[in-house]
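Notes to accompany the following structure.
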Amino acid sequence: STQKQTLSFQAEVAQLLKLVTHSLYSNPEIFLRELVSNASDACDKLRFEALDAPGLYESDAELRVRVSFDKAAATLTISDNGIGLSQQEAIDNLGTIAKSGTRDFMAKLSGDQKNDAQLIGQFGVGFYSGFIVADRIVVESRRAGLPTDQGVRWSSEGTGEFEVADIERDQRGTSITLHLKEEAQDYLNAWKLKSVINKYSDHISLPIEMSKEEWKEGENDQPGEMVETGEWETVNQAAALWTRARKDITEEQYNEFYKQISYDSEPPLASTHNRVEGATEYTQLLFIPAKAPMDMFNRDKAAGVKLYVKRVFIMDDAQALMPTYLRFVKGVVDSSDLPLNVSRELLQESRAVKAIREGCTKRVLSMIEDMANNQSEKFSDFYAEFGAVLKEGLGEDNANRERLAKLLRFASSTSDTVSVSFADYKARMKEGQDAIYYITADTLAGAKNSPQLEIFRKKGIEVLLMTDRVDEWALNFLNEFDGTPLQSVAKGAVDLGKLQDEDEKKAAEEAQIEFKPTLDRLKEALKDKAQDVRATTRLVDSPACLVVQDDGMSTQLARMLKQAGQ
Ligand code: ADP
Ligand code: MG
């Protein structure tokens, strides 16, 4: 009783298919990722349903995906022994767009072929992505638990229609055969397939099998060739490192994994591996490299965290997962709350992603705090490499500003090494001192020899010396530390407050009167160059120095902006 019917795709599917087939696809190989991940989902579903109905396994309980090809017929087949599809399920699931993600995606299409091609390239289109490489797809399936005469064959050329027919099928699960287009024949090659599987599906926990081939020497001067042995071999690792328990992973394995994802030749400085449960569930495996990359200060540089959704690779450098100031962090986030076909645009808007970013940020900060508190040598290595970029966080990450401020280290007028924290400084503050004093300059020597430090040196007050380009900008976002205001010694009339004794105050007031004629003449002479000319008590040896208005930009910041062309 073979029944056959021809049905039309839902209008949106037809539109999507047209786009898939007519767009220059930037990344055709993702079709394999999509089909393998569907096969893996189907196995997960079977495993779940079989919890209550073990009979569904029939006599075949070893779940797996197989990828094979027939060179002569120019076909590629992906088959699984998962849950399978009933005839109605094939009609419903392979003829409509059920997923909200795809519908959102469709809404974003502009009609402009070039833009759309780019968008679609970043986006998985699930099952329909098979039509990137195939001009005909045949799906044969039998749902677990149904009798063998209730199999289904679904086929389509990816135009407006598809056909469904009853078939007899012994094997449970689904096999999807792609009749490859002329330009996609390079997938009829075991090496090519393995490399794509390696790239995208290595961490699928299910074994992905291919026909095993062996080299056979040629006889009678004939060249040798690869021949199939008739066995299957697993071509992926079949177990993602981050899905394993921490105690089962050696440091060596972590390091190897790090090297593989970072292309770094050195082991990482620190790592963190956690499974986060709760409203948003994800696993994070994050590394801090030992050395900063050359282009670390390029804020547009690719971020280092890869996104997986349920162990399926989605994208490299998922910027939305990490704040920009932590762009040096490498690793993997594997989420179970995101759709597989999430695009970069959707990532930016996702609440789950926001929660993941916050969680990852906290983790990385704890990792750094742990070094700061317990491994001071490691921490100073870290700080020498990444301290400057960390400071960007003061401006970028309000929520963690205080945590970040605690991690900062500076040189000071009493310490040449970049090792003084705000807390250290506070602990050494003089009786009556009510501000943390700092100076910014291009170099350490420039900061140390600044005439603005004279009065502080005379009074034995420590001043933090800040020489990173980012300091001036970053310090704009930090008005105080632990209740003590930060005060630039290069700004306005430094008020030494209680640190100034009565005689000094009186001398300062008298100086204003005594030098008034001189000051007026200087003001007149400098009227286009200086806003004000004042007598000061801040100088000890130097006759004069330049300062900035209290609310003004410092000279260093002004120079930096000028260099940046602003
Ligand atoms: P998604 O995987 O996001 O649901 P797809 O377009 O990749 O979207 O697949 C559409 C649907 O087709 C799936 O939800 C599933 O119901 C069905 N399907 C696809 N491949 C298989 C398969 N190998 N076995 C069983 N069902 C499948
Ligand atoms: Mg899918």
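The values are calculated or read from the model by the stated rules, or taken from the named source; none is laboratory data. Computed from a predicted structure; not experimentally measured. Cβ sites come from the backbone with ideal geometry, for glycine too, and all protein chains shown count toward neighbours.
Below, the figures for the structure above:
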{"read-out": "Residue list for segment 127-140, filter: closer than 25 Å to residue 169 by Cα and either small (Gly, Ala, Ser) or more than 13 Å from ligand 2 (Cβ to nearest atom) (or both)", "value": "130, 131, 134, 135, 136, 137, 138, 139, 140"}
{"read-out": "Which numbered condition residue 346 misses (of (1) within 16 Å of ligand 2 (Cβ to nearest atom); (2) outside any helix (DSSP H, G or I))", "value": "(2)"}
{"read-out": "Single residue of 316, 295, 264 found to be surrounded by fewer than 16 Cβ atoms within 10 Å (Cβ to Cβ), over 21 Å from residue 38 (Cα atoms) and among the acidic types (Asp, Glu)", "value": "295"}
{"read-out": "Some residue of segment 45-63 being of a type outside the set (Gly, Ala, Ser), surrounded by fewer than 22 Cβ atoms within 10 Å (Cβ to Cβ), within 14 Å of ligand 2 (Cβ to nearest atom) and touching a residue at least 12 places away in the same chain (Cβ under 8 Å)", "value": "yes"}
{"read-out": "Filter result (in a helix (DSSP H, G or I) and in contact (Cβ under 8 Å) with a residue 60 or more places away in the chain) within segment 64-88", "value": "87"}
{"read-out": "Total residues in segment 253-287, condition under 19 Å from residue 357 (Cβ atoms) and of a type outside the set (A, V, I, L, M, F, W, C)", "value": "12"}
{"read-out": "1 or more residues more than 12 Å from the chain's Cα centre (by Cα), modelled with pLDDT of 90 or more and closer than 23 Å to residue 346 by Cα: qualifying strands (runs of 3 or more DSSP E) within segment 249-330", "value": "270-276, 282-288"}
{"read-out": "Among the candidates 149, 186, residue that is surrounded by 12 or more Cβ atoms within 10 Å (Cβ to Cβ), at pLDDT 95 or above and more than 30 Å from residue 11 (Cβ to Cβ)", "value": "186"}
{"read-out": "Residue that is at pLDDT 85 or above, of a type in the set (S, T, N, Q) and within 12 Å of ligand 1 (Cβ to nearest atom), where the choices are 40, 8, 68", "value": "40"}
{"read-out": "In segment 224-245, the residues that are under 27 Å from the mean Cα position of the chain (by Cα) and either in a strand (DSSP E or B) or without any contact (Cβ under 8 Å) to a residue 12 or more places away in the chain (or both)", "value": "244, 245"}
{"read-out": "Top-ranked residue in segment 189-230 [being acidic (Asp, Glu), modelled with pLDDT under 95 and touching a Ser or Thr at 6+ places or on another chain (Cβ under 8 Å); ranked as surrounded by the fewest Cβ atoms within 10 Å (Cβ to Cβ)]", "value": "214"}
{"read-out": "Odd one out for residue 324, checked against (1) buried (at least 23 other Cβ atoms within 10 Å of the Cβ); (2) β-branched (Val, Ile, Thr); (3) in contact (Cβ under 8 Å) with a residue 40 or more places away in the chain; (4) within 21 Å of residue 393 (Cα to Cα)", "value": "(1)"}
{"read-out": "All strands (runs of 3 or more DSSP E) inside segment 421-496 with 2 or more residues being surrounded by fewer than 19 Cβ atoms within 10 Å (Cβ to Cβ)", "value": "484-488"}
{"read-out": "Selection within segment 331-346 - over 15 Å from residue 310 (Cβ atoms) and either away from ligand 1 (no atom under 16 Å from the Cβ) or modelled with pLDDT of 95 or more (or both)", "value": "331, 344, 345"}
{"read-out": "Yes/no for residue 324 being of a type outside the set (Phe, Trp, Tyr) and touching an Asp or Glu at 6+ places or on another chain (Cβ under 7 Å)", "value": "yes"}
{"read-out": "Sole residue being within 16 Å of ligand 2 (Cβ to nearest atom), at pLDDT 70 or above, surrounded by 16 or more Cβ atoms within 10 Å (Cβ to Cβ) and not aromatic (Phe, Trp, Tyr), chosen from 124, 95", "value": "95"}
